[in-house]
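Contents: one structure, followed by commentary.
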Amino acid sequence: MPSKGKKRENSKSRASSSISNKQSNPTTRSTAIWSVFKILTAVVAAASAIGYIGIERYLTQGGPFTPWTCSVFGYKCERRYDVSFRGYVDDDYLSAAETFKENFYAGEEVGAAVSAYVDGKLVLDLQGGWQNVEEQIPYTDKTLQVVFSSTKALAAIVVARFVDRGILSYDEKITTYWPEFGQGNKENVTLGDLMLHAAGVGYLDVPIKTAEAEDPERWSYILASQPHNFGGIRTRSYHAQTYGWYINEILQRVANTTVHNVAMDELNKQYNIEWNLKPYQLEYDNRIAPFYTGPLLFRATRLLKLVGGPLAFLNAVIHPDNIAAKSLANDLDNISLIDCRRLAARRIESPAASGFTNAHSIAKLAAMMANGGKAIVDGEPDLLSPEGFELSSTPIDPPEIDLLLRKAMPQEKGGWGKFDEVVIDGIEFTGWAGMGGSVFVWNQEYKIGFGYVMNAIPSWQSPDNRSVGILRQIVNEVLKKNKNRKQ
């Protein structure tokens, strides 16, 4: 039987052990917490790596309209090819047609159309995809697409026709036609300045209500009273929206017409094409293609690249009073032409941006410009006389730096320009392009007329790889044919 002394010792020993265990618990807990933290950190790191890989694959293994299951996992990729096409292609230009189709398979298109003439002959006229995905309406030759700034090429052609007839002159001051325009240091601005985006009216100082734009007298007063953006000093700065408004005011005074009226009453009827700058009637509701901008991640990534990086983007956001922000701002009740099916957006004529048309109508006008202004179909009138075409196509030398575009784009007296993006094997194209991708260009040397329209806007760049890739195939075929003729 143990003694009482030993019992007390055992009791003390157990108490000491209990105290020791209690003292070691904080360390044990810290170790456990640290272990959990390391595990969580590893899990977060693994998840981040997987997420990064997933995002990287999403952005590089397909386009903005590629099914994400295909881009990320390579699953159900056959859905990319579930696209229908219609139209015509000359056998010699099948490669251009294939490039057009590849744009869809790459996830860059929803609905689009392309048309091209070479030496007065239609060689390509295709449509593909959906005019309206939700309503399952296919994109056809009856689809009407707003083409934004490609409309400026149409407006410039209309002005060139009035110059050709001697009704207007590029060298004449605008006040000759519209005396009230001379307010606010604009008295020396010429029609030629306006066509070259150097009229000093690239933006308006006050926002405009649609009710004001629909009131001819009030609208004219607002435009005339706008002060010169640069205090009367001739400065080239892109007139994104105002370009067409001022052209219309001049046309109304010299011929009681507008760009829209000339397109509807003359061009459409003479050349069997379709341009409409304010298709607000009920009959157009089911023909107008809505726009699809794609996932935000794609748009943000491409926008940052386009504007020159995050700092340039932040500068525009932080300084909304800079020239770019003012010139590109929507001045009509914040009604965006992106929402082009809205009736309010279709009621206001804006010859700088509101042209609703199709690829063939663009290409046919472009083909006549490529033909020196002469008609390409027997029995149709010439678009311009040889003298009128030569005058409007006179190069502006040297090219002027545009404050908004931040480059010296070569332009011709009539107002159309030459884009760096559309120089293929040294061959330049003249015309204009619209926000998001539409193209209206021609080349006189090889007599190529080209039109491209789309309802997918995966970025704000224009022209972009979709249209340029197709045009490249056309140029390659033309060069090959020319080489064969010389041999």
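The values are calculated or read from the model by the stated rules, or taken from the named source; none is laboratory data. Since the model is a prediction, treat every value here as computed from it, not as a measurement. Cβ coordinates were reconstructed from backbone atoms using ideal geometry, including for glycine residues, and neighbour counts include every protein chain displayed.
See the values below:
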read-out	value
Val133 being within 25 Å of the chain's Cα centre (by Cα) and either surrounded by 17 or more Cβ atoms within 10 Å (Cβ to Cβ) or at pLDDT 95 or above (or both)	no
Whichever residue in segment 108-125 is surrounded by fewer than 24 Cβ atoms within 10 Å (Cβ to Cβ) and among the aliphatic types (A, V, I, L, M) and, among such residues, is nearest to Glu98 (Cα to Cα)	Val123
Subset of segment 408-451 that is among the hydroxyl-bearing types (Ser, Thr, Tyr) and within 14 Å of Ile362 (Cβ to Cβ) - its residue that is nearest to the chain's Cα centre (by Cα)	Ser438
Single match in Ala112, Ala106 (criterion: at pLDDT 75 or above, touching a Leu at 6+ places or on another chain (Cβ under 9 Å) and in the same structural domain as Ser467 (by TED's automatic domain parsing))	Ala112
Hits in segment 418-442 (condition: surrounded by fewer than 24 Cβ atoms within 10 Å (Cβ to Cβ), on the phi < 0 side of the Ramachandran plot and of a type outside the set (A, V, I, L, M))	Lys418, Phe419, Asp420, Glu421, Glu428
Qualifying residue in segment 391-404 (condition: more than 25 Å from Pro463 (Cα to Cα) and either in the same structural domain as Ser115 (by TED's automatic domain parsing) or surrounded by 13 or more Cβ atoms within 10 Å (Cβ to Cβ) (or both))	yes
Residues located in segment 174-220, provided they are closer than 22 Å to Ser149 by Cβ, among the small types (Gly, Ala, Ser) and touching a helix residue (DSSP H, G or I) at 6+ places or on another chain (Cβ under 9 Å)	Ala198, Ala199, Gly200, Gly202, Ala213
Any helices (runs of 4 or more DSSP H) falling wholly within segment 141-215 and containing at least 1 residues that are crowded, with 23+ Cβ neighbours inside 10 Å	151-164, 191-195
Qualifying positions in segment 192-213 - farther than 18 Å from Pro227 by Cα and among the hydroxyl-bearing types (Ser, Thr, Tyr)	Thr210
Segment 384-413, residues that are touching a Phe, Trp or Tyr at 6+ places or on another chain (Cβ under 9 Å), farther than 19 Å from Arg165 by Cβ and charged (D, E, K, R)	Asp402
Residues of segment 70-93 that turn out to be modelled with pLDDT under 70 and among the β-branched types (Val, Ile, Thr), as a count	1
Flag for Thr235 being surrounded by fewer than 21 Cβ atoms within 10 Å (Cβ to Cβ) and either assigned by TED's automatic domain parsing to the domain that holds Trp275 or out of contact with any Leu (no Cβ under 7 Å at 6 or more places or on another chain) (or both)	no
Some residue of segment 451-465 being within 25 Å of Phe162 (Cβ to Cβ) and assigned by TED's automatic domain parsing to the domain that holds Gly294	yes
Residue in segment 289-320 that is surrounded by the fewest Cβ atoms within 10 Å (Cβ to Cβ), counting only those that are at pLDDT 60 or above and in a helix (DSSP H, G or I)	Leu296
Residues of segment 263-288 that turn out to be assigned to a loop (DSSP other than H, G, I, E, B) and not polar (S, T, N, Q), as a count	9
